[in-house]
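Read-outs: derived from the displayed coordinates by stated rules, not from any lab. Being a predicted model, the structure only gives us computed values, none of them experimental. All Cβ positions, glycine included, derive from the backbone under ideal geometry; neighbour counts span all protein chains shown.
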Amino acid sequence: MIRGVRGATTVQKDEEKEIIEATESLLRKMIKENKIEADMVASVFISVTEDITAAFPAKAMRLISGWTFVPVMCMREIPVKSSLDKCIRVMMHVNTAIAQHEITHIYLEEAIRLRPDLQAGDSTQ
């Protein structure tokens, strides 16, 4: 079964170093919390808001040992007027036997506001 594992984070500045570091931190936490190995992953989509232009956040995946061959694609979010600024979102498509309600979705920095109902310790998860 393929399950979607979601994550999001934000950056303060549209600078390559910050974009890559924030994305790497998010990816590593998604991987750790869900016990994901690279060969379990069908693909990864990474989207950014239109105010992020300094780097492809997908470069962060190449910094993680063993993830060289995982297909990853960057794209731009729909520019909704009230959307969160400088936001990076990840959708990882993972082959897993765990139930959908057991997936740990990761929201960091200001992105916590996107899905407060999915934060760790929330019994409605």
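What shape does the range 1-50 have by the C-alpha gyration tensor, where a ≥ b ≥ c are the square roots of the eigenvalues, rounded means a/c under 1.5, and otherwise prolate means a/b greater than b/c and oblate the rest? Since a/c reaches 1.5 and a/b is larger than b/c, the shape of the range 1-50 is classed as prolate. Other residues within the sphere of radius under 14 Å centred on the Cβ of Arg76, judged by their own Cβ, net out at -3 (K and R +1, D and E -1). Beyond a 25 Å Cα-Cα separation, which of these cross-linked pairs lie in this structure: Lys17/Lys81; Lys13/Lys59; Lys29/Lys86? Correct reply: Lys17/Lys81. Taking a ≥ b ≥ c as the square roots of the eigenvalues of the alpha carbon gyration tensor, the chain is oblate, as a/c is not under 1.5 and a/b does not beat b/c. Ignoring aspartates and glutamates fewer than eight residues from Lys35 along the same chain, the ones with Cα atoms less than 18 angstrom from its Cα are Glu24, Glu102. Amide H contacts of Cys74 (H built 1.01 Å from N, in plane; Pro and chain starts excluded): Ile46 sit under 5 Å, all sequence-distant by 5 or more or on other chains. For Ile98, neighbours were defined as the other residues whose beta-carbon sits under 11 Å from its Cβ, and their charges (Lys and Arg +1, Asp and Glu -1) total +1.
Under a 10 Å cutoff between Cα atoms, tell me which one of Ser25, Ser43, Ser82 has the largest fluctuation in the Gaussian network model of the chain. The residue that fluctuates most here is Ser82.
Full extension of the chain between Arg62 and Glu16 yields a length gain of 15.1 nm, computed as 0.36 nm times the residue separation minus the alpha carbon distance. Structural descriptor for the chain: relative contact order 40 percent, calculated from alpha carbon pairs under 8 angstrom and at least 6 residues apart.
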